[in-house]
Amino acid sequence: MTTLTAPPARGRSRPRNPNRPAWEEPPTAVGQTAKGLTLGTVVLLIIVPVYCVVLTSVSTPGAINRAGGLVIVPDGITFDPYSTMLSGGPVRRALLVTFGITAVGTVLSMVVSVLCAYGLSRSRSLGHRFLLMVLVVTMFVSGGLIPTFLVVSELGGYGKYWSLILPSAVSVFNILVLRGFYSSTAAELIDAARMDGASEWRILWSVVLPTSRAVTAVITLFYAVGYWNTFFNVMLYLPTDSQKWPLQYVLYEYVNLGMNMPGQVNSGFGVSGHSQTAPLSLQMAVVVITLLPIMLVFPFMQKHFAKGMLTGAIKG
Amino acid sequence: MASTVAEQGEDEDEQDRREAAAGDGGTPVSGTAAGGRAAERRISWRIRLRRDKSLILMTLPAVALLLVFNYLPMVGTITAFQYYDPLDGITNSEWAGLANFRQLFGDPLFWHAMENTLYISAVQLVLFFPIPILLALLLNSVLNSRIRSLIQAITFLPHFYSWVLVVTLFQQMIGGAGLLNQFLREHNAGTWDFMTNPHTFSLLVTSQVVWKDAGWGIIVFLAALSAIDQNLYEAAAADGAGRWRRMWHITLPGMRGVIVLMLVLRLGNALSVGFEQLLIQRFAVGHDAADVLDTFSFYYGIGTQNYSYGAAAGIFKSVISLLLIWGANKLAHRFGEDGLYRK
């Protein structure tokens, strides 16, 4: 690279990075380059696959053929795969099922977990040690796969939606995170509320929950992502009933295993007359639909990750 | 023991409804925490029960769910000692004694699954475990906080993808019809069969784990790094210690406790290597390479409806896992670290 004009920094010492401690040596060029290259590669490895898949899902069949499969450079853009898929068929069904399971499951899990976490967070309450032990034991000892399957089956869960929700509704880890937060914050506030005659329910609802929005948001999203990703429970309890499959299982059967979509000819996938739509773009559209909510929700979650541990009513 | 709690809960349910009817914010429930634990003990449990009943009530839904879906299956492990028949249920099935275990230990497929489990686990320990530590060190040295948090956000996003999604993305990138192989074909460089090759399967699995979870693993190590006292660095620099000496004598010792803890957890989980991940790819690489203990009990237990046999494999796995956690902790204590629990 030729430089016609002298770079502005020449002759002067480079401006000091205010974040660099005074005692630290200035960075070497080799070190900086190596660091940049490594981190750049790591970031690219994560972004590129998603980028290719998204671009392929909105490309015209011609563009996909020209690119020989996956598209890297945008060429012809079309949203046909999405409109054909959302107009009916297995993917739209799966989308509804997944939204339903995620909504119901997340609400249930959160109600149960917040109550339990608060109930265990008052360290002098009767029996809280015993109850805590009941919880913690399940983190180390488990009945295992088959006995759990048999219990759910004997309770009539086989083939029912609830078998995708109830067996994994409680995450002891999440409860312990919430509990840690509740017991470390707002002790003065809670005592003040108690002096004013508030019941425990009242304290939870109007003191503890509003002061711990960030951690509540993070845990909610953990649960929601868990339900959104439900896969193995489907394999256990609903493997044959394709009407009840959530998105992840549809992705597995039709994209990963490459099975044919039921009713591929006349409904949903490749409506007759649209047969020129490349199946690959449809498959990639399923991938994107599975991916999208997580990508959309993530920046929001990211914000709370940072804030979550700093917020506290006392400090603010 | 759990049933007593449930009964208490029902009694309180009654009381609580009466109190709720009396209106919210009735009597102050707590004795405003005067005195410590000793003072607390002097109050009779009846009064404490009255005081804390709403707190106990709050924990009951979670406890109930755990009792049904975690504790009941623990009791259900007795099916491993039965000839379980779905028509008879757990209560009426015929007893088998140790027959299932005897059959299990004589089954070459089981030992093969065991071998695969340990092999994949070892590969992951060597190739996956250090990566989050190195990335955390690298990221910690990035001074611009905006760039740092952006990189962090991007790297831990894949943790929230499902395994099906991750495998599909890998398939699209390096699979037989994927981007890499297209590129190779166009340049007449032959093809590279990575997704379906049983011989390199452990590497494939590990690279997927790295891709999905390395960024997530960074979090805990970054937290450990930020907890190190900056004055130590300043003092060391004043004494003439360079970059690398500071890393060796301050940074790494500062992270030691967390590294040992993560290692203990990893060893304790050595027998559970990526269940869903392997399940999804078993079809592509064949069961010979992809069968681990978890998938073994899934396929030979539920797949062939030989439930008792699968349950026996499950028990075997749990017992060995507990021993591993215990052993890893002993090792951590030997090195003077806390590990999972203190000595």
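The values are calculated or read from the model by the stated rules, or taken from the named source; none is laboratory data. Just so it is clear, the model here is predicted, and its values are computed rather than measured. Note that each Cβ is placed from the backbone with ideal geometry, even for glycine, and that neighbours are counted across all protein chains shown. Keep in mind that these areas ignore ligands, DNA and RNA; they rest on the heavy atoms of the full protein, side chains included. Shrake-Rupley method; radii C 1.70, N 1.55, O 1.52, S 1.80 Å.
Structure notes:
- For the protein assembly as shown, alpha-carbon Rg and Dmax in angstrom: 27.9, 90
- Among B:230, B:60, B:169 the positive-end extreme of the charge dipole of chain B (Cβ point charges): B:230
- Cβ-Cβ FRET estimate between residue B:146 and residue A:111, R0 fixed at 41 Å, reported to 0.05: 0.65
- Segments A:189-199, A:161-171, A:88-98 sorted - mean Cβ within 10 Å per residue, highest first: A:161-171, A:88-98, A:189-199
- The length gained on full extension between residue B:92 and residue B:119, counted as 0.36 nm times the residue separation minus their Cα-Cα distance, comes to 5.8 nm.
- The H on the amide N of residue B:82, modeled in the peptide plane, is under 5 Å from the matching H of B:96, each at least 5 residues off or on a different chain.
- The Cα atoms of the range B:47-147 give a gyration tensor whose axes a ≥ b ≥ c have a/c of 1.5 or more with a/b no greater than b/c, which makes the shape oblate.
- Rolling a 1.4 Å probe across the protein heavy atoms gives the protein assembly as shown an accessible surface of 49 Å² per residue.
- Between residue B:320 and residue A:79, the simple label model (points 7 Å from Cα in the Cβ direction) yields a spacing of 5.3 nm.
- When the Cα gyration tensor is reduced to axis lengths a ≥ b ≥ c, the ratio a/c is 1.5 or higher for chain B, and with a/b not above b/c it is classed as oblate.
- Value of relative contact order over the range B:278-330, rounded to a whole percent, pairs C-alpha under 8 Å and six or more apart: 23 percent
- In terms of its alpha-carbon gyration tensor, the range B:241-343 comes out oblate; a/c meets the 1.5 threshold, while b/c is at least as large as a/b.
- Cα-centre dipole for the protein assembly as shown with unit charges at Cβ (Lys and Arg positive, Asp and Glu negative), debye to 20: 2340 debye
- With each label modelled as a point 7 angstrom along the Cα→C-beta vector, the residue B:184-residue A:243 pair spans 4.5 nm.
- B:46, A:20, reordered so the largest accessible area comes first (probe 1.4 Å): B:46, A:20
- A Förster radius of 45 Å, combined with the Cβ-Cβ distance separating residue B:256 from residue A:43, puts the computed FRET efficiency at roughly 0.95.
- Using a Förster distance of 30 Å, the FRET efficiency for residue B:305-residue B:102 (Cβ separation, nearest 0.05): 0.90
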